[in-house]
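Participant: Got a structure for you, questions after.
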Amino acid sequence: MSLVILIAVGILLLAVTRSLLNYLSLVSTSDLIQRRLVVELRQLAYEKLQRLSFHFFDANESGSIINRLTRDVVQTSNFLSNVLLGLINVFITMTVYLIYMLNIHVTLTLAVMAIFPVLMVVTVVFMRLVRRDLRIFHKLNDTMILTLSENVQGIHVVKGFARQQQQINKFARNNKAVKDRQRRIFFWMNLFNPISGFMTQVSMIIVLAFGGYLVVLHDTDPAHSMGITLGAGLFVFVGLASQFASQIQDLAAIGGRAQEHLESADRVFEIIDMPLDINSPSQAVPLHKSRGAITFEAVSFGYKTGECVLHDINFDVEPGQFLVLVGATGCGKSTLLSLIPRFYDPNLGKVAVDGIDVRCLDLDHLRRNVGLVFQESFLFSNTIASNIAFGYPQATQHQIEQAAKTACAHDFIVELPHGYDTIIGERGVDLSGGQRQRLAIARAMLLEPAILILDDPTAAIDPDTEQEILTAMNNAMKGRTTLLVSHRVSTCRRADCILVLDKGKIVQQGTHDQLIDAKGYYRSVALLQQADKETKRLLDQPDRLMT
Amino acid sequence: MSTVQANSPLTHVDPAKDREQQTRPLSLKLITRLIGYMKPYARYRNILIALVLMRSMLLPTLGLITAAILNGPITSIAGQAHDGMALNYTPLWLGISGFALLCIVTQVSLHFRLRIAKDLGEWVVHDLRNELFRHLQRMPMSFYDRTKLGTILSRATGDIEAVRGGIEDLLFRTLLGTGQVVVASVMMLWVDWRLFVALLAMAPVLLSIRLYFRNRMGIAHRNTRESFSRVTANLAESVSGIRETQGFVRQRHNTSIFGDLVSEHATYHMSVAKLSGLFGQLREVTNQCFTAILFLVGGYMLLQGMIDLDVLIFFLFLSGIFFTAIMILGSLYSDSIGVMAGAERIFNLLDTPPQWADPPDAIQLTEVRGQVQFRNLSFGYEAQRPVLHDITFDVQQGQTIALVGHTGCGKSSIINLITKFYLPTNGQLLIDGHDIHNIDGDSLHRHMGIVLQQNFLFTGTVMDNIRFAKPNAGDRQVIEAARKLGCLNIIENLPNGFATPVGERGSNLSLGQRQLVCFTRAMLADPGILILDEATSSVDSMTEVRIQHALEVLLQGRTSFVVAHRLSTIRDADLVLVLNQGRIVERGTHNQLLAIDGTYSNLYRQFISSNER
């Protein structure tokens, strides 16, 4: 009975030790992967993402970028546990088995190994095949998700044109393409597994046949050098060989799995390795408080090589001046403005702030000196206060309210249910366009920038709220160099200089008084905006019509 | 004051709102419903079950055959060789051929076992996605006001992937595991019931371990998912607001916020890993513990002569199978938590009924003349907060109605009712004399052109976007529509003309260009009723001239409702409705209203003065 107890205790001890080791290895592996690798990769990629130039964002859909930082990062990190650690494990085990097998019979071992090179070739071929399909699959998947998300965002268009059925069919087509590609991948993967499995079993057949022969050799002539005994020889060898074979199969499976990880790694490292085309130079000139002088010298620019959006732009803005850009849709106004905070670099010529080429300035300093308000300003789903303090998160409540007052936003903010702590809805649906733009102006004001860039902030606004924004803009401009895209003649009147752009060139330049008398674009625009005479007459003498 | 903003996140996090409802891990209803999705593929499902069972027998057989060949043919030949007898190779060859044949069968069955499982998963996922999309299309507009895009996307991605895992793997492994447990139990019971009772006595230990982990793992999984959705939400806004981030030099700050979120997620993930690691190992240890106890009890019984040695050996062997199966079932249990949570969330969405739908006998409009009547109508997006009060007006075929008033006065709501995006709360809305409740929404929309403020465009070319209004229109019709509106050359001057990709949400086009594309889209539909929410008040003047001209053409000869911001549109309207706080306060033509010298002429004066100051 004591022996029974001893064995029972032995079983238990062994189990506990094994479990403890298993647990430790599990936890340390996931610590390494989840807490270090994934975190590190995500941060690296995110940091890079924040600095990449807009060319990248123009070229990649947001869904694909998000996928890279979520799913693909995890897949890349799992390469370590699923592939690398797996490989080490398999190799160590295989070596041990190999040594034992070689000890028993060298030739028989080699016979078992014969299948190995063939298996390698098969694995490589399959890897290639599947990799291509995986890449296509990812693309198809992105398209499908894009269709879904656009249908949610544009649901009023879909319903408004009664296109539900058409969109259902479109999604079904996308969905089917994903399914077909996925099944194709499954087909190849699941062809690969049995084939590699079968090949390892072939090695067992070789062992049985060849080993059987060797046993016969031994028994006919016990002194034969090639012979092998049945009990201590072949029995043990078969046991070892079947273990060895299953390890080889694991190896092949790891090879097959590696594809998905590598494919994901490609997508992650593409971001991390992408060169930064716009960066601070190594010996950057600091710019703590700019005076606000801007110079464009023979600037030409195109988004793609060969394309030319701006031609030979030359102008000067003195500190505190007010410059208005006028011109038809697509003439290059927004592009011109985006060169000042270096969202893009010119192909030819130079842009200078305070007389220094912006490419020599410290990029962060430069941008802190430039306040930006766009046509459609993006507000984050966060409190109003954090949105205003976006550029300077340390701002005090007082500073935030000051900025809001300058932007004529304070009054409507305090009327909101939670005042400055009101949270803006996911797509800012709770606020009107005019309110959003005033928040955007407040956000720019908080930084007290020397240069203020207003890229047509009233473009997407109802005219009845436009007046409030115009007042906000007037407050904001005081004491700063201001560049404004506008179509309003009333605004242009107050400008120190008006630039008229046409197809990327400056075609007219001067004050309102100079341009209004010159024949050209500006004059025709100004005439268009005057109210017709009949209406004016009615407004002046409304009672006359009644009689 | 304070500097609370210093550590403010990029996006607001409200833990109470983010909290998902606790899901019950193993709900039979949920499982049956999931299994129901395999019904169309019943043949494959049955084949798969057969294959799974067959393979569970095949694998041990292969090991047996190897042993049999060694023990049988090889031993006998060795014996013959040893004794110097004639060698009979036939049994050896037979054995080896049998083995090879069985190998092939195993591998072929493996291929189908894996492939059919994966295919089944893919089919179900495919069907579920289509169902989800169809369901979304049926939901009325109010659903989209309430539901975040991120929520819908995560149903169609993460949650559906979880279900895939459940279908292709969990179900069959559960079947197999349960089968093994049952068979092993029956056999053990048959061999010696006393030992089996001893085994059963230990079941409470297993149960209590499971209970201990059940809630903890549920919470850990949920924390992980929630922290992950925070990571994704933050990421999405980071991409959308990249211009702001770079322009305001927020990169470093954002990176540290993101870092915190990612680390937080990693911590939750680790706690899941630790818990499930501990759970797995504890199960393993208890199983071994049971084996040890069995060994003790069995050994005692053996020594007491209560059982034979072969009974004990057999029992120990069976209990090995029993515990392995239990282990597998246990690990399946923790996997299933994720699957069930995903399935439950998808079904919750699918089960949300549309707030309203067209009645089954709805009138199919084959043409719309464009007669619209509002009769004492009131409406609110939420029942307790009406935004339109007692609206009454008549519109004759071909008239242009301008809706004027301050933001929030109810202009857009009137449009939302005519388009049947929402239904009136009280009163009547008649189109060509039919109550809007009884009109089939799709048939109405087919005769309606809608241009809304957002000017939403889909990823694709300009041509695709215009053709959206009428999918069977040829290129020539599209070009003709653009020509009629007078914006053909604007489109042709784009980098690739009609083939220019508009970018995500039209970002490659300027606002003015986007609006003209939307006009052309409405023009192509050639509608009886045109709905227009003019948003862009100030595009450059040359484009403005084009837009005004295009509008004139677009409005001609059809009933039009315009949320008007352009003087030119208002001046030419047959009827101007001035709204204030959900009521019509003035109505008439431009000239009549100016003469009244009321709200409208004030609005108008303000507008003129801002232009000419």
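Participant: What length, rounded to one decimal in nm, is gained on full extension from A:Thr93 through to A:Asp411, with 0.36 nm per residue of separation minus their alpha-carbon distance?
Facilitator: 107.1 nm
Participant: Taking the Cβ of A:Gly227 as the centre, find all other residues whose Cβ is under 15 Å away and add up their charges (Lys, Arg: +1; Asp, Glu: -1).
Facilitator: For residues surrounding A:Gly227, the net value is -2.
Participant: A further question follows. Taking every DSSP beta bridge with both residues inside the protein assembly as shown, roughly what % is antiparallel (nearest 5)?
Facilitator: 50
Participant: How much of the DSSP bridge set in segment A:294-538 is antiparallel, in percent, rounded to the nearest 5?
Facilitator: Bridges in segment A:294-538 are about 50 percent antiparallel.
Participant: Within segment B:329-373, whose backbone N sits under 11 Å from a point 7 Å along Cα→Cβ of B:Gln428?
Facilitator: B:373
Participant: Right, another one. Using a simple spin-label model with points 7 Å from Cα along the Cα→Cβ vector, what separation in nm is obtained for B:Thr178 and B:Ile35?
Facilitator: In this crude spin-label approximation the distance works out to 0.6 nm.
Participant: Now for a separate question. Take the alpha carbon atoms of segment A:228-245, find their center, do the same for segment A:80-104, and report the distance between the two centers in whole angstrom.
Facilitator: Cα centroid of segment A:228-245 versus Cα centroid of segment A:80-104: 18 Å apart.
Participant: What average number of partner chain Cβ atoms lie no more than 10 Å from the Cβ of the residues making up B:268-280?
Facilitator: Average neighbour count from other chains, rounded to a whole number: 4.
Participant: Highest first, please rank the peptides A:318-328, A:52-62 by the mean number of other Cβ atoms sitting within 10 Å of their residues.
Facilitator: Answer by packing, highest mean first, reads A:318-328, A:52-62.
Participant: Based on the alpha-carbon gyration tensor of segment A:294-538 and its eigenvalue square roots a ≥ b ≥ c, which shape applies: rounded if a/c is under 1.5, prolate if not and a/b is larger than b/c, or oblate?
Facilitator: It is oblate, given that a/c is not under 1.5 and a/b is not larger than b/c.
Participant: Given contacts defined as C-alpha pairs under 8 Å and at least six residues apart, what's the relative contact order of chain B, whole-number percent?
Facilitator: Taking the mean separation of contacting Cα pairs over the length of chain B, I get 14 percent.
Participant: Excluding the sites themselves, what is the longest stretch of chain B that contains no GluC sites (Glu not before Pro) in a DSSP loop with at most 15 other C-beta atoms within 10 Å?
Facilitator: Longest site-free region, per DSSP loop and neighbour criteria: B:21-366.
Participant: Beta carbons within 10 angstrom, averaged per residue: use that to sort the peptides A:24-30, A:396-402, highest first.
Facilitator: Per-residue Cβ counts within 10 Å, averaged per peptide and sorted highest first, yield A:396-402, A:24-30.
Participant: Another question, if that's okay. By its C-alpha gyration tensor, with a ≥ b ≥ c as the square roots of the eigenvalues, how is segment A:63-144 shaped: rounded for a/c under 1.5, else prolate for a/b larger than b/c, else oblate?
Facilitator: Here segment A:63-144 falls in the oblate category.
Participant: Counting only other chains, what is the mean number of Cβ atoms within 10 angstrom of the Cβ of each residue in peptide A:43-52?
Facilitator: That works out to 6 on average.
Participant: Could I ask something else about it? For segment B:332-385 and segment A:286-343, what is the separation of their Cα centres, given in Å?
Facilitator: The distance from the Cα centre of segment B:332-385 to that of segment A:286-343 comes to 49 Å.
Participant: Still on this model: Let a ≥ b ≥ c be the square roots of the eigenvalues of the Cα gyration tensor of segment B:60-100; is it rounded (a/c under 1.5), or, if not, prolate (a/b larger than b/c) or oblate?
Facilitator: oblate
Participant: In segment B:94-116, whose amide N lies under 20 Å from the spot 7 Å out along Cα-to-Cβ of A:Val122? List them in ranges.
Facilitator: Counting only backbone N, you get B:96-116.
Participant: Kindly express, to the nearest 10 degrees and within the range 0 to 90, the angle between helix A:86-104's C-alpha long axis and the longest C-alpha principal axis of chain A.
Facilitator: Helix A:86-104 and the main axis of chain A meet at about 20 degrees.
Participant: If I model a spin label at A:Gln397 and B:His82 as a point 7 Å from the Cα along the Cα→Cβ vector, what separation in nanometres do I get?
Facilitator: Simple spin-label model gives 9.7 nm for this pair.
Participant: Starting from the Cα of B:Ser208, step 7 Å along the direction of its Cβ; do the same at A:Ser246; then give the gap between the two resulting points in nm.
Facilitator: Modelled inter-label distance: 3.5 nm.
Participant: Oh, and also: Anything over 27 Å Cα to Cα? Flag those among B:Lys29/B:Lys420; A:Lys350/A:Lys503; A:Lys289/A:Lys350; A:Lys478/A:Lys505; B:Lys29/B:Lys118, in the order listed.
Facilitator: Checking Cα-Cα distances, B:Lys29/B:Lys420; A:Lys478/A:Lys505 exceed 27 Å.
Participant: Follow-up question, since we're still on this one. Over all distinct alpha-carbon pairs, what is the Kirkwood Rh of chain A in angstrom?
Facilitator: Every distinct Cα pair counted, the radius reaches 30.4 Å.
Participant: Here's a follow-up. Would you kindly state how much longer the chain becomes between B:Leu302 and B:Glu264 on full extension, computed as 0.36 nm times their sequence separation minus their alpha carbon distance, in nm to one decimal?
Facilitator: Taking B:Leu302 through B:Glu264 to full extension adds about 8.1 nm, to one decimal.
Participant: I'd like the Kirkwood hydrodynamic radius of the protein assembly as shown, using the inverse of the mean 1/r over distinct C-alpha pairs, in Å.
Facilitator: The Cα-based Kirkwood calculation yields 35.0 Å.
Participant: Give the distance, in whole Å, between the Cα centre of segment A:184-219 and the Cα centre of segment B:99-124.
Facilitator: Computed from Cα coordinates, the inter-centre distance equals 18 Å.
Participant: A further question on this structure: Per residue of B:513-519, count partner chain C-beta atoms within 10 Å of its C-beta, then hand back the mean as an integer.
Facilitator: The shielding value for this peptide is 1.
Participant: Can you give the FRET efficiency to the nearest 0.05 for B:Arg43 and B:Asn489, using r as the Cβ-Cβ distance and R₀ = 45 Å?
Facilitator: Taking R0 as 45 Å, the efficiency between B:Arg43 and B:Asn489 is 0.15.
Laboratory data are not the source of any read-out in this text; all were calculated from the coordinates shown. Quantities reported herein were computed from a predicted structural model and do not represent experimental measurements. Backbone-built Cβ (ideal geometry, glycine too); neighbour counts: all protein chains shown.
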